[in-house]
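Asks: Here's a structure for you.
The values are calculated or read from the model by the stated rules, or taken from the named source; none is laboratory data. Given the structure is predicted, the values throughout are model-derived calculations rather than measurements. When we count neighbours, we look across all protein chains shown, and the Cβ atoms used for this are built from the backbone with ideal geometry, even at glycine. To get the accessible areas, we keep the full protein, side chains included, count just its heavy atoms, and leave off ligands, DNA and RNA. Shrake-Rupley method; radii C 1.70, N 1.55, O 1.52, S 1.80 Å.
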Amino acid sequence: MVVAENDICQVTQDVWASVLGLCVRSLPTRAPAFGDENSLTGCVQITGAFEGAVTLESSTELARRAAGIVLGVDPVTTSLEEIRDVLGELTNIIGGNLKGLVPGPSHLSLPAVVDGVEFRLTVPRSRLVTEATFDCEGEPLRVTILRGIENDKDDE
Amino acid sequence: MRILVVDDSKAMRTIVIRTLRQAGYGDHVVQEAANGIEALKVIQAGEPDLVLSDWNMPDMSGLELLQTLRAQGSKVRFGFVTSEGSPEMRHKAAEAGALFLISKPFTADAMKVTLNKVL
């Protein structure tokens, strides 16, 4: 089972266009770390025939713009709670669509969102399977699929 | 006509309501509930013409909400709006008594086509 980078790109582009009306441009190389800027990471876990997770990392600026679009308000007026809600929902939609590409049956968790500066979200006992990095109006975005290492043993 | 939108995400409720408007259902009264338990109370107080529910919610999922309603004898028109649109999910939804499942992301046209069949 492999979910290709192309699959992530297609799903992310479709979701971003459909929900936000924004274009995302695939970047050929892994984007620089978010570093000292504020960022958010949304995560949904997949359990069942496939054990893993899908994460969506975004700069706070991009997430704020997304919240403004979704809620129909000036982005500067959005609260952190609203920004987290929107990023969580975008993670949920991307995760749900990518879940359709991995072995089933499986269950999608509720999204969790972390925000801050210079942090790293880890999912214990999992490894990175595929990732795709994007630029959206000058802001970075990254989607990853993680797979539980126990699944690797199932393939042996 | 009264439509109840059930989703634990305020952002998604906003998207669904906006899409309902774009699909031509802007004249209908739209109520919101943030989870299955809240939705159950709203429905028990006065059954809407249609329930649009997310699947995955804390405390009471959309599936549990539908199963509870059907067990209580409610025949309220019910559809799912969810990020998962696999054949398995659609089968589960239909088995439980849902009239349709709209998968996210969705367009106003897709919503219009689906809702026109049931309303």
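Asks: Quick check, is B:LEU63 aliphatic (A, V, I, L, M), without any contact (Cβ under 8 Å) to a residue 40 or more places away in the chain and closer than 29 Å to A:VAL44 by Cα?
Replies: yes
Asks: For B:GLU38, are the conditions met, namely being under 24 Å from A:ASN92 (Cα atoms), among the acidic types (Asp, Glu) and out of contact with any helix residue (DSSP H, G or I) (no Cβ under 9 Å at 6 or more places or on another chain)?
Replies: yes
Asks: Also, quick follow-up: Name the residues in the range B:34-48 that are part of a loop (DSSP other than H, G, I, E, B) and within 15 Å of B:VAL81 (Cα to Cα), would you?
Replies: B:ALA34, B:ASN35
Asks: Then there is this: Looking at B:LYS75, B:LYS10, B:LYS41 in this structure, which one is touching a strand residue (DSSP E or B) at 6+ places or on another chain (Cβ under 9 Å), without any contact (Cβ under 8 Å) to a residue 12 or more places away in the chain and open to solvent by 10 Å² or more (accessible area, probe 1.4 Å)? Walk me through it before giving the result.
Replies: On the way: B:LYS75 fails: touching a strand residue (DSSP E or B) at 6+ places or on another chain (Cβ under 9 Å); B:LYS10 fails: without any contact (Cβ under 8 Å) to a residue 12 or more places away in the chain.
None of the others qualify; the one that does is B:LYS41.
Asks: Moving on. Just to check your reading of the model, which residue among B:ILE43, B:ILE17 is touching a helix residue (DSSP H, G or I) at 6+ places or on another chain (Cβ under 8 Å) and hydrophobic (A, V, I, L, M, F, W, C)?
Replies: Checking each option against the conditions leaves just B:ILE43.
Asks: For the range A:59-72, what are the residues that are within 14 Å of chain B (Cβ to nearest Cβ) and touching a strand residue (DSSP E or B) at 6+ places or on another chain (Cβ under 9 Å)?
Replies: A:ALA63, A:ARG65, A:ALA66
Asks: Follow-up. Please go through the range B:22-35 and give me each residue that is under 13 Å from the mean Cα position of the chain (by Cα), within 13 Å of chain A (Cβ to nearest Cβ) and not hydrophobic (A, V, I, L, M, F, W, C), ordered by number.
Replies: B:ASN35
Asks: Still on this structure: Could you please find all residues in the range A:130-140 being exposed (fewer than 13 other Cβ atoms within 10 Å of the Cβ) and either within 14 Å of another protein chain (Cβ to nearest Cβ) or of a type in the set (Gly, Ala, Ser) (or both)?
Replies: Within the range A:130-140, A:GLY138 is the sole residue that qualifies.
Asks: So which residues in the range A:97-108 are at the interface with chain B (Cβ under 9 Å from one of its Cβ atoms) and within 12 Å of A:ASP14 (Cβ to Cβ), if there are any at all?
Replies: Listed by number, the list holds a single entry, A:ASN97.
Asks: Tally up the residues in the range B:56-65 that are at negative phi and surrounded by fewer than 24 Cβ atoms within 10 Å (Cβ to Cβ), please. Break it down stepwise before answering.
Replies: Going residue by residue through the range B:56-65, those that are at negative phi are B:56-58, B:60-65.
Still in the running and surrounded by fewer than 24 Cβ atoms within 10 Å (Cβ to Cβ): B:56, B:58, B:60-61, B:63-64.
Residues that pass the stated criteria total 6.
Asks: In addition: Exactly one of (1) surrounded by fewer than 17 Cβ atoms within 10 Å (Cβ to Cβ); (2) touching a residue at least 60 places away in the same chain (Cβ under 8 Å); (3) of a type in the set (D, E, K, R) is unmet by B:GLU47. Its number?
Replies: (2)
Asks: Of (1) without any contact (Cβ under 8 Å) to a residue 60 or more places away in the chain; (2) hydroxyl-bearing (Ser, Thr, Tyr); (3) within 14 Å of another protein chain (Cβ to nearest Cβ); (4) surrounded by 19 or more Cβ atoms within 10 Å (Cβ to Cβ), B:THR19 satisfies all except one. Which?
Replies: (1)
Asks: What is the residue count in the range B:84-102 for residues that are open to solvent by less than 40 Å² (accessible area, probe 1.4 Å) and either more than 8 Å from every other protein chain (Cβ to nearest Cβ) or modelled with pLDDT of 95 or more (or both)?
Replies: 8
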